[in-house]
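> One structure, as structure tokens, below. Some questions next.
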Amino acid sequence: MNFKNFLILNIILAILISCGQSSSVNIEGEYSSFTPGEIWEDNQGVHINAHGGGILYHEGVYYWFGEHKGERSNSAFVGVTCYSSTDLYNWKNEGVALTVSDDEESPIVRGSVIERPKVIYNAKTDKFVMYFHLELKGRGYEAAHVAVAVSDNVAGPYQLVKNGRVNAGKWPLNMTDEQRNYTVESAHFDKWWTPQWMEALKDGLFVRRDFEEGQMSRDMTLFVDDDNKAYHIYSSEENLTLHIAELTDDYLGYTGDYVRVEPGGHNEAPAIFKKDERYFMITSGCTGWDPNAARLLTADNIMGPWTLHSNPALGEDAELTFHSQSTFIIPVQGKEDAFIFMADRWRPKNPIDGRYVWLPILFEDGLPVLKWFDEWDLSIFD
Ligand code: GAL
């Protein structure tokens, strides 16, 4: 066989092998599709370690920030990782964007809990601003803090600026004077979850309790609107009620304007996008690391009112959101109305092995729907 025939034979063989494996990796060894729930290797051949993540698109590049997880514990022993990509399939490890501290006095000391980091860019200050859910070391999930870190460079290093509760001394815009002045207190209830307790909760029981110290903030995301105003969306009030809080122009603090969404609705893992002047939010219920059915909310104004719809997931395993929990929705650049639902399939017994479930957001009757695909690519949006 001459060299030319040998080459042709090899190419045919390579094509046959790649077809036979129905692999998402093309002949150059690069990914050319998404395979939700499978191992997803970075440019170094290592499963991506960026859980509970979010994406920032900046100057032609997507940056994926997420929780670094180890093999046993969910606590942060490394920090927030960053990966970059120009095609959303292939990700380059950019290293640790926010590093945990060795100083026991630091709120982000090794062993604290750092979850659901999200980064936005502030054009006015030319800074990258990271928000994340922070739980102080050794205190379980009781702190319910949000933390803010800043960097001049997208991939970091980020420096912690502050952490704490949200909007201390401020009332939600959509809490009535009557509700603000109720004298019912948590201590008046022996038991949670009774109908009376739930009524009191809806009337702002925990908002009043936490008024001085600031509102609790756990699962969270950020959203920058077309007018560059940014919002922090977080599970508050013991994870029972979502809050949406407007950020100051530099994105480093709160304007004091915030609303409660679905009081008592038990929404976690908020992920949001905007299409045709309408806001869409996908959340999960509250069952810890175990998956549950997603929820869909829509609004014409980000500060509400928000309307609750049925589970956007359809088909087999829809009631478990295909064994995953939302974390972010990515607007795909250069394509119209193209959004990717980004979710985590947690593996609490071996957190580092947690998987990523990315699915296209499809629309039926004007509302987003999620369907399972073993493999798909961006041409689905064409
Ligand atoms: C989930 C939440 C995760 C993590 C976990 C801890 O409900 O979405 O981000 O906080 O609980 O059990």
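> Place +1 on the Cβ of every Lys and Arg and -1 on the Cβ of every Asp and Glu in the range 237-282, take the dipole about the Cα centre, and give the residue among 266, 244, 281 whose Cα lies farthest towards its positive end.
281
> Another question about this same structure. Taking amide H atoms as placed 1.01 Å from N in the peptide plane, list the residues 5 or more away in sequence, or in a different chain, whose amide H sits under 5 Å from that of residue 237.
Long-range HN contacts for residue 237: 216.
> Please go through the range 92-156 and write out the GluC sites (Glu not before Pro) that DSSP classes as loop and that have at most 13 other C-beta atoms within 10 Å.
On the way: sites: 94, 104, 105, 115, 135, 142; in loops: 104, 105, 142.
Sparse-neighbourhood loop GluC sites (Glu not before Pro): 104, 105, 142.
> Please state the relative contact order of the chain as a whole percent: Cα pairs under 8 Å, 6+ residues apart?
It comes to 13 percent, rounded to a whole number.
> Would you mind working out the magnitude of the charge dipole of the range 34-164 relative to its Cα centre, with +1 at each Lys and Arg C-beta and -1 at each Asp and Glu C-beta, to the nearest 20 Debye?
Numbers: 11 positive and 17 negative charges, 63 e Å.
Dipole of the range 34-164, to the nearest 20 debye: 300 debye.
> Please go through the residue pairs 127/170; 229/274; 118/275 and name each one whose alpha carbons sit more than 24 Å apart in this structure.
127/170
> Are there trypsin sites (Lys or Arg not before Pro) in the range 50-133 that DSSP marks as loop and that have at most 12 other Cβ atoms within 10 Å, and which are they? Don't skip to the answer; put the middle values down first.
Numbers: sites: 69, 72, 92, 110, 118, 124, 127; in loops: 69, 72, 110, 124.
Counting only loop positions with at most 12 other Cβ atoms within 10 Å, the trypsin sites (Lys or Arg not before Pro) in the range 50-133 are 72, 124.
> Under unit Cβ charges (Lys, Arg +1; Asp, Glu -1), what dipole magnitude, rounded to 20 debye, does the chain have relative to its Cα centre? Write out the running numbers ahead of the final one.
Details: 32 positive and 57 negative charges, 110 e Å.
It works out to roughly 520 debye.
> Separate question: I'd like the distance separating the alpha-carbon centroids of the range 50-121 and the range 164-187, in whole Å.
Result: 33 Å between the Cα centres.
> Give the span of the range 34-164's Cα atoms along each principal axis, as three whole-Å numbers ordered largest to smallest.
40, 40, 21
> I would also like to ask the following. Please compute the contact order of the range 34-164 in relative form: average sequence separation of alpha-carbon pairs under 8 Å and at least six residues apart, divided by the residue count, as a percent.
The value is 19 percent.
> Looking at the chain, what % of its DSSP beta bridges pair antiparallel, to the nearest 5? Could the numbers behind the result be given before it?
On the way: 87 of 89 bridges.
In the chain, approximately 100 percent of DSSP beta bridges are antiparallel ones.
> A further question on this structure: State the answer as a single residue: which of 145, 85, 108 lies farthest towards the positive end of the charge dipole of the range 34-164, with beta carbon charges of +1 for Lys and Arg and -1 for Asp and Glu, about the Cα centre.
Ranked along the dipole, the leading option is 145.
> From the phi angles alone, apply the Karplus equation (6.51, -1.76, 1.60; θ = phi - 60°) to the range 130-147 and give each ³J(HN,Hα) in whole Hz, x where the residue is Gly or Pro.
Residue by residue, the range 130-147 yields 10, 10, 8, 7, 10, 10, 6, 4, x, 10, x, 10, 7, 5, 6, 9, 9, 10 Hz.
> Still on this structure: Can you give me the Cα centroid spacing of the range 280-294 and the range 241-268 in angstrom?
18
> Once both axes come from the Cα atoms, what is the angle between helix 3-21 and the longest principal axis of the chain, in degrees from 0 to 90, rounded to 10?
30
> What are the residues whose amide H is under 5 Å from the amide H of residue 369, where those residues sit 5 or more places off or on another chain and H is modelled from the backbone?
The answer is 362, 363, 364.
> Turning to a different aspect of this structure: I'd like the FRET efficiency for residue 196 and residue 250, computed as 1/(1 + (r/R0)^6) with the beta carbon distance as r and R0 of 45 Å, rounded to 0.05. All intermediate terms of the calculation are to be shown ahead of the outcome.
Working: r = 43 Å, r/R0 = 0.96.
Result of the calculation: an efficiency of 0.55.
Bear in mind that the values in this text are calculations on the coordinates, not laboratory data. Here the structure is a predicted model, which means the values were calculated and not measured. All Cβ positions, even for glycine, are placed from backbone atoms using ideal geometry, and neighbour counts span all protein chains on display.
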